[in-house]
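The values are calculated or read from the model by the stated rules, or taken from the named source; none is laboratory data. Bear in mind the structure is a predicted one, so any value in this text is a computation, not a measurement. Cβ: placed from backbone, ideal geometry, glycine included. Neighbour counts: every protein chain shown. For the accessible areas, the whole protein counts, side chains as well, though only heavy atoms, and no ligand, DNA or RNA atoms are used. Shrake-Rupley method; radii C 1.70, N 1.55, O 1.52, S 1.80 Å.
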Amino acid sequence: MKRALTPGTFDPITYGHLDIIKRATAIFDEVVVAVAESTPKNTLFTIEERTELVREATKCFENVRVENFDCLLVDFARQMDAHVLVKGLRAITDFEYEFQMNALNHQLDNYIETSFIMSPPKFMYLSSSIVRELASLNGDVSSLVPPCVEEALKRKFAKN
Ligand code: PNS
């Protein structure tokens, strides 16, 4: 079985992430969406909330499994018996960071390959941080995130 892992912070998951996940499901037998627990980023949603939203948003895909992890990505990929990491590439701005991560992960474990899927033009500008900022200012995010995420953002900013 060819299993891929799509890692990320998913704070929150967007239609851009879902596009990459969907395209990965057409290439691999199983796609494990790996939600990073510890991240240098200060997240808006807790690990439980981020994982639950990814589960809800990907429930239509039969060959997607959602897990969270709190270790090196390459170690988690080995645990999951996945030797391909699938990542989305948006604009040139992503390239330098992904280039560095690819080199680092390759050095840590050269059994793990990273494969990139280019985001389509309509999602090139889309990021979780843009979604968070827009939602915090009461902007309409319905074309950027699935309904469950839109609701979660409303609840989060109503509380804050
Ligand atoms: O969605 P993001 O924030 O771009 O995802 C980044 C992520 C989670 C893929 C990256 O931070 C990661 O791989 N974290 C796991 C810890 C790790 O292996 N870091 C690289 C070596 S220090």
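Cross-link partners for residue 59 among the lysines, with Cα-Cα distance under 24 Å and sequence neighbours closer than 8 places in the same chain left out: 2, 22, 87, 122, 154, 156. Against the chain, whose longest principal axis is taken from its Cα atoms, helix 92-108 shows a tilt of about 40°. Please compute the net charge surrounding residue 33, taking Lys and Arg as +1 and Asp and Glu as -1 over other residues with Cβ under 9 Å from its Cβ. Every neighbour counted, the sum reads +1. Whole-Hz Karplus values for segment 29-39 come out as 5, 9, 10, 9, 8, 9, 8, 6, 7, 9, 9 Hz, taken residue by residue from phi with 6.51 cos²θ - 1.76 cosθ + 1.60 and θ = phi - 60°; glycine and proline positions read x.
As an equivalent ellipsoid, the chain spans semi-axes of 25, 16, 16 angstrom, where each value is the square root of five times an eigenvalue of the C-alpha gyration tensor, largest first. With respect to the chain, whose longest principal axis is taken over its alpha-carbon atoms, helix 47-57 is tilted by about 90°. Anisotropy class assigned to segment 1-90 is oblate, per the alpha carbon gyration tensor with a/c at or over the 1.5 cut-off and a/b no larger than b/c.
For segment 1-133, carbon and sulfur atoms together expose 52% of the accessible surface, with a 1.4 angstrom probe and every protein chain in place. Shape class of segment 44-134 from the alpha-carbon gyration tensor: oblate, with a/c at 1.5 or above and b/c at least as large as a/b.
For residue 86, the residues whose amide H sits under 5 Å from its own are 5, 6, 115, ignoring neighbours fewer than 5 places away on the same chain, with H placed 1.01 Å from N. Rolling a 1.4 Å probe over the protein heavy atoms gives segment 28-160 an accessible area of 60 Å² per residue. Across segment 43-135, the relative contact order, built from alpha-carbon pairs under 8 Å that are at least six residues apart, equals 26 percent.
Distance from the Cα centroid of segment 102-160 to that of segment 9-29 is 10 Å (rounded to whole angstrom). With the convex hull drawn around the C-alpha atoms of segment 88-160, the volume per residue stands at 128 Å³.
In the chain, the longest principal axis of the Cα atoms and the axis of helix 15-27 are about 30 degrees apart. For the peptides 44-53, 88-97, the ranking by packing is 44-53, 88-97, with the highest mean count of neighbouring Cβ atoms within 10 Å listed first.
Scalar couplings 3J(HN,Hα) for segment 137-149, obtained by applying the Karplus form with A = 6.51, B = -1.76, C = 1.60 to θ = phi - 60°, are 9, 6, x, 7, 10, 5, 8, 10, 9, x, x, 4, 6 Hz; x denotes Gly and Pro.
If contacts are Cα pairs under 8 angstrom and at least 6 residues apart, what is the relative contact order of the chain in percent?
Working: 228 pairs, mean separation 44.8, N = 160.
Contact order relative to length: 28 percent.
The H on the amide N of residue 68, modeled in the peptide plane, is under 5 Å from the matching H of 35, each at least 5 residues off or on a different chain.
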